[in-house]
Amino acid sequence: MSSPEGWTYRVALNLVRSRLRRRRVEQRLLPRLISRAHVSAPAGEVWELVRALPPRQRLAVVLRYVADLDEREIATVMGITRGTVASTLAAARRNLGIALDADEIAEERS
């Protein structure tokens, strides 16, 4: 390596830039999450079904419907693409629909 000082400087500079970018994203998103923290989560069997979803789908549903984030913001928080957020939410809605239909059929048989 011809210039270890230069390499060290560049690595340190990149780390600072990364942290500043992350801090800007957090400062933009956290106020929205914190301002809604006082809102109690809706009660009911639907949230029991949400708890049964796979972790990624569950997180996307909570960020969308409790934190009220849009797909772009959810993608940033979860570290995935916007398209993946859309497909994850669609899969979650599909799974919830299936679970709700199954519950409805079980109630009709009772």
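The values are calculated or read from the model by the stated rules, or taken from the named source; none is laboratory data. Since the structure is predicted, the reported quantities are computational estimates derived from the model, not experimental observations. Heads up, the Cβs are rebuilt from the backbone with ideal geometry, glycines too, and the neighbour counts pull from every protein chain shown.
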Notebook entry, point to check: If you scan segment 85-102, which residues turn out to be surrounded by 13 or more Cβ atoms within 10 Å (Cβ to Cβ) and aliphatic (A, V, I, L, M)?
Noted result: VAL85, ALA86, LEU89, ALA91, ALA92, LEU96, ALA99, LEU100
Item checked: Filter result for GLU73 (in a helix (DSSP H, G or I) and closer than 15 Å to ARG93 by Cα) -> no
Checklist line | Residue in segment 5-63 that is modelled with the lowest pLDDT, counting only those that are surrounded by fewer than 12 Cβ atoms within 10 Å (Cβ to Cβ) and of a type in the set (Val, Ile, Thr) | finding: VAL39
Margin query: So GLY79 ticks every box in (1) loosely packed, with under 14 Cβ neighbours inside 10 Å; (2) over 24 Å from ARG24 (Cα atoms); (3) at pLDDT below 95 but one. Which box is left unticked?
Written below: (2)
